[in-house]
Amino acid sequence: MSVCRLCGSAELAEVVDLGATPPCELFLTAEQLDLPEPTYPLHLRVCTSCWLAQIPPLITPEETFTEYAYFSSFSSSWVEHARTFVDGLKLGQDAFVVEVASNDGYLLQHVVARGVRCLGIEPSANVGQAARDKGVPTLTEFLTPELGARVRAENGPADVVIANNVYAHIPDVLGFTRGLRALVAEDGLVSIEVQHLLTLMELNQYDTIYHEHFQYYTVASAQRALADGGLTLVDVELLPTHGGSIRLLAKPYGTPSERVLDVIAREKAAGLLEISGYADFAARVAKVRRDLLRFLIDAADEGRTVVGYGAPGKGNTLLNHCGIRPDLLAYTVDRNPYKHGRFTPGTRIPILPPERIAEDRPDYVLVLPWNLREELSEQLSYVHEWGGRLVFPIPRLEVV
């Protein structure tokens, strides 16, 4: 990476180098286990001009998202989060709502249920088909300024444009933002949810660094990106989702609220608008790795069984960075049938249905989607019936 993809500056400073890993969502079939597996450097840097944290675009969105392994609706808490958001919009019957990266219709299904006109734009054919099966109109395309203009011409301007957990996934930040601007009405609203770099740094959430996530936003850097694409950041909300996210509310015209200024002040106080705020992150990441490996090695030496719960993208960063393989983690389970019978990229850990945990009664269950701690602690409460314990690796190792 030679220049910042947002502002073009060549002043990029190292934050953390996680080595080289495979793309986190390319789960292997049994037939692929004897084939070569490509890996790519995972090296986070920050631009000291606009403070956008970023990794090189070594893989393309087309490689990752044409067929995708992540279905949003398998998280009941995320579906509820989406329903609550839609309730808060108070949509009129003549409104038009567009969601970009609409996945399997987890959010727009609530708009459809209200009889409000909507459209999903989802590049992954398999999850887009799942949305259509729910009755959610969905285009299988990537958002560009040209597509935004076409959708607007065919359907009229959107009153609300939603882009949840996608703003980090696109290397062409300005082109994507201009696509959002093309979709939204002059008096409309754009709502973007994305992980907050502030909580990523504060809570050691380094496993959310992976090749699908090309950049990591402060509110300050997001404000710059939106402005360069023709949108004004008018408000921001701090959310607990995904370990700590920001909901960016933007309009074609407007003035930033006090909350925008307050969060930017918090980011500045944390040192994220100067290089000093990034100085010790690599050392804290190394401690997370050592603590987890020490726990797994001790458990193996004591003859205790450890299995995983979940096969999220973030889990594959953690597993690969720590070098965890089936000798330390026998298998992991996942609610998504797409992943059953497959293997985690790089570490080749088998992925099985969730019912396997109750059958095997392991001593420990390592929870890889730690961001869903409350939801999964309830789902996995039965593990305590045989004395099993849950293990959360981030922000620090905790055995519950």
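Here are the numbers:
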read-out: Hits in the stretch 296-310 (condition: of a type outside the set (A, V, I, L, M, F, W, C) and open to solvent by 50 Å² or more (accessible area, probe 1.4 Å)); value: ASP298, ASP301, GLU302, GLY303, ARG304, THR305
read-out: Matching residues in the stretch 157-204 - criterion: being among the polar types (S, T, N, Q) and touching a Pro at 6+ places or on another chain (Cβ under 7 Å); value: ASN204
read-out: Filter result (open to solvent by 10 Å² or more (accessible area, probe 1.4 Å) and not small (Gly, Ala, Ser)) within the stretch 177-187; value: ARG178, ARG181, GLU186, ASP187
read-out: Qualifying residue in the stretch 193-202 (condition: assigned to a helix (DSSP H, G or I) and surrounded by fewer than 18 Cβ atoms within 10 Å (Cβ to Cβ)); value: yes
read-out: Meets criteria (farther than 25 Å from ASN316 by Cα and surrounded by 24 or more Cβ atoms within 10 Å (Cβ to Cβ)) for LEU174; value: no
read-out: Search result, residues across the stretch 371-387 that are at pLDDT below 90, surrounded by 21 or more Cβ atoms within 10 Å (Cβ to Cβ) and either more than 12 Å from SER77 (Cα to Cα) or of a type outside the set (A, V, I, L, M, F, W, C) (or both); value: ASN371
read-out: Count - residues of the stretch 242-262 that are more than 26 Å from GLY175 (Cβ to Cβ) and within 23 Å of the chain's Cα centre (by Cα); value: 2
read-out: Selection from the stretch 142-155 of residues that are out of contact with any strand residue (DSSP E or B) (no Cβ under 6 Å at 6 or more places or on another chain) and not in a helix (DSSP H, G or I); value: PHE142, THR144
read-out: Total residues in the stretch 1-59, condition open to solvent by less than 40 Å² (accessible area, probe 1.4 Å), polar (S, T, N, Q) and out of contact with any Leu (no Cβ under 8 Å at 6 or more places or on another chain); value: 2
read-out: Number of the exception - VAL219 against (1) modelled with pLDDT of 95 or more; (2) open to solvent by 10 Å² or more (accessible area, probe 1.4 Å); value: (2)
read-out: Selection count, the stretch 91-108, where residues are of a type in the set (Phe, Trp, Tyr) and crowded, with 24+ Cβ neighbours inside 10 Å; value: 1
read-out: Test result for GLY313, open to solvent by less than 30 Å² (accessible area, probe 1.4 Å), modelled with pLDDT under 95 and among the small types (Gly, Ala, Ser); value: yes
read-out: Matching option when the condition is in contact with a Ser or Thr (Cβ under 8 Å, 6 or more places away or on another chain) and either within 21 Å of ARG304 (Cα to Cα) or part of a loop (DSSP other than H, G, I, E, B) (or both), among PRO395, PRO362; value: PRO362
read-out: Close pairs from the stretch 78-104: first part of a strand (DSSP E or B), partner acidic (Asp, Glu), Cβ under 6 Å, at least 6 apart; value: PHE96/ASP159
read-out: Every residue from the stretch 352-400 that is in contact with a Phe, Trp or Tyr (Cβ under 8 Å, 6 or more places away or on another chain) and among the small types (Gly, Ala, Ser); value: ALA358, GLY388
read-out: Scope the stretch 116-138; condition open to solvent by 50 Å² or more (accessible area, probe 1.4 Å) and either assigned to a loop (DSSP other than H, G, I, E, B) or at pLDDT 90 or above (or both); matching residues; value: ARG117, ARG132, ASP133, LYS134, PRO137
read-out: VAL111 vs. criteria modelled with pLDDT of 90 or more, open to solvent by less than 50 Å² (accessible area, probe 1.4 Å) and part of a helix (DSSP H, G or I); value: yes
read-out: Filter result for LEU238 (assigned to a helix (DSSP H, G or I), open to solvent by 80 Å² or more (accessible area, probe 1.4 Å), of a type in the set (A, V, I, L, M) and free of Cβ contacts under 8 Å to residues at least 60 places away in the same chain); value: no
read-out: For ALA299: the one exception among (1) more than 30 Å from ARG361 (Cβ to Cβ); (2) among the small types (Gly, Ala, Ser); (3) in a helix (DSSP H, G or I); value: (1)
read-out: Selection from the stretch 253-295 of residues that are open to solvent by less than 10 Å² (accessible area, probe 1.4 Å) and either in contact with an Asp or Glu (Cβ under 6 Å, 6 or more places away or on another chain) or aromatic (Phe, Trp, Tyr) (or both); value: TYR278, PHE281
read-out: Filtered residue count, the stretch 27-55, keeping only those that are in a loop (DSSP other than H, G, I, E, B) and in contact with a helix residue (DSSP H, G or I) (Cβ under 8 Å, 6 or more places away or on another chain); value: 5
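The values are calculated or read from the model by the stated rules, or taken from the named source; none is laboratory data. Every value quoted in this text rests on a predicted model; they were computed, and no experiment measured them. Reconstructed Cβ throughout: ideal geometry from the backbone, glycine too, with neighbour counts over all protein chains shown. Keep in mind that these areas ignore ligands, DNA and RNA; they rest on the heavy atoms of the full protein, side chains included. Shrake-Rupley method; radii C 1.70, N 1.55, O 1.52, S 1.80 Å.
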